[in-house]
Amino acid sequence: MPLSRPGQAARRLAAVALLLAAAVGCGDAGGLEGAGSTPTAQGPARLWPELTPASSPAFEIGEVNTEVVKGVKVPGDDIRRVDPVGIVRAEIARHPGEYDGGEAPYRYTKRRMAECGKGAGHGRCPVLRPYYRDLTGDGRDDLTLGFPLLPGKTTAVRVYTVEKHRLVQVMAWEDALSGVELAGRSLVIRSPSEVAGYEYRLQWTWDRDQRAMLLTHDEMLRTGPRKHSRQPSASPTAAPSLSPSASGSASVSGG
């Protein structure tokens with residue numbers, strides 16, 4: 001039975017009494033000791049206030065990346081009935097300059113597609129095992145797919161959903177990967193950094209207004225052991241905090 005408000009107050013008073021008793025005991029044994037100086041809190045300082053705020057981006061980085069996958073049907077609007085190998089074949093067909101010919105950057109990926117007779121995730125087929133989860137919040141599974149871009153060391157990561165009986169790509173990224181996770185309605189990609197002991201961690205989350213997975217977090221985080229310092233750090237590095245909707249990553253289902 002949950003505690004009532006009076007019961008909770010009584011427990012708090014009892015806890016305070018125990019802490020005071022413990023403090024007195026520590027004082028009798030030799031007194032309390034300080035934990036050292038605490039860094040002075042500093043508020044944000046606005047730099048160059050005379051600059052005119054920009055009204056448009058300087059570079060096009062493709063924040064909203066959506067595309068209808070032509071030539072791939074979705075039987076019964078069920079994304080699980082779509083062949084992942086067929087999706088990758090359709091992408092290769094849309095970008096022949098990247099996959100066709102002896103000088104194409106991803107020519108080996110196309111060559112190894114011939115070994116996908118048993119489906120994604122089998123043998124030497126470059127299409128990795130597909131994962132299904134409702135990332136858009138419409139109650140239906142969406143598809144997360146990956147395939148290496150050979151002969152290089154990068155991997156393509158894609159997310160697909162179904163809209164109006166069509167297969168729609170709502171997220172695309174290529175990078176050297178050290179880990180990929182599904183967390184709630186977010187996709188998190190970890191990539192190695194050129195700085196020893198650090199990694200990049202990027203998080204995409206579904207945005208219902210843009211109808212796409214948007215890059216909502218882009219962080220460089222420590223992964224190796226921290227060097228000990230006698231001086232307290234004013235800005236310790238912390239692990240990324242996913243939103244409440246990004247908990248519960250145990251419900252991922254494979255193909």
Please go through the range 173-193 and give me each residue that is assigned to a strand (DSSP E or B) and basic (Lys, Arg), ordered by number. Arg190
Those residues of the range 150-172 that are part of a strand (DSSP E or B) and not β-branched (Val, Ile, Thr) come to a total of 9
Quick check on His95: is it open to solvent by 80 Å² or more (accessible area, probe 1.4 Å), at pLDDT 95 or above and closer than 24 Å to Tyr160 by Cα? no
The range 67-116: helices (runs of 4 or more DSSP H) wholly inside it with 1 or more residues that are touching a residue at least 24 places away in the same chain (Cβ under 8 Å) are 84-94, 107-112
Got a number for residues in the range 109-127 being surrounded by fewer than 20 Cβ atoms within 10 Å (Cβ to Cβ) and closer than 22 Å to Val188 by Cα? 1
I need the full set of residues from the range 159-211 which are in contact (Cβ under 8 Å) with a residue 60 or more places away in the chain and either under 16 Å from Thr223 (Cβ atoms) or under 13 Å from the mean Cα position of the chain (by Cα) (or both), in order please. Met171, Ala172, Glu181, Leu182, Ala183, Gly184, Arg185, Ser186, Trp206
All conditions in (1) among the small types (Gly, Ala, Ser); (2) at pLDDT 95 or above; (3) in a loop (DSSP other than H, G, I, E, B) are true of Ser241 except (2)
Which listed residue, of Thr66, Thr144, Thr155, Thr161, is in contact with a strand residue (DSSP E or B) (Cβ under 8 Å, 6 or more places away or on another chain), open to solvent by 60 Å² or more (accessible area, probe 1.4 Å), β-branched (Val, Ile, Thr) and under 20 Å from Ile189 (Cα atoms): Thr66
Among Trp173, Trp206, the single one that is of a type in the set (Phe, Trp, Tyr), under 17 Å from Arg158 (Cβ atoms) and open to solvent by 70 Å² or more (accessible area, probe 1.4 Å) is Trp173
In the range 81-127, what count of residues is obtained for those that are acidic (Asp, Glu) and over 17 Å from Gly152 (Cα atoms)? 3
Expected single match for open to solvent by 60 Å² or more (accessible area, probe 1.4 Å), at pLDDT below 60 and assigned to a loop (DSSP other than H, G, I, E, B) among Arg226, Arg230 is Arg230
Could you list all residues from the range 176-191 that are open to solvent by 20 Å² or more (accessible area, probe 1.4 Å) and more than 20 Å from Leu128 (Cα to Cα)? Arg185
Gly101 versus (1) open to solvent by 20 Å² or more (accessible area, probe 1.4 Å); (2) farther than 18 Å from Glu174 by Cβ; (3) within 25 Å of the chain's Cα centre (by Cα): which is the lone unmet condition? (3)
Consider the range 118-142. How many of its residues are β-branched (Val, Ile, Thr) and more than 19 Å from Ala90 (Cβ to Cβ)? 1
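The values are calculated or read from the model by the stated rules, or taken from the named source; none is laboratory data. What you see is a predicted model, and the numbers here were worked out from it, not measured in a lab. Glycine also receives a Cβ, built like all others from the backbone with ideal geometry; neighbour counts cover every protein chain displayed. Surface areas here come from the heavy atoms of the whole protein model, side chains and all, with no ligands, DNA or RNA. Shrake-Rupley method; radii C 1.70, N 1.55, O 1.52, S 1.80 Å.
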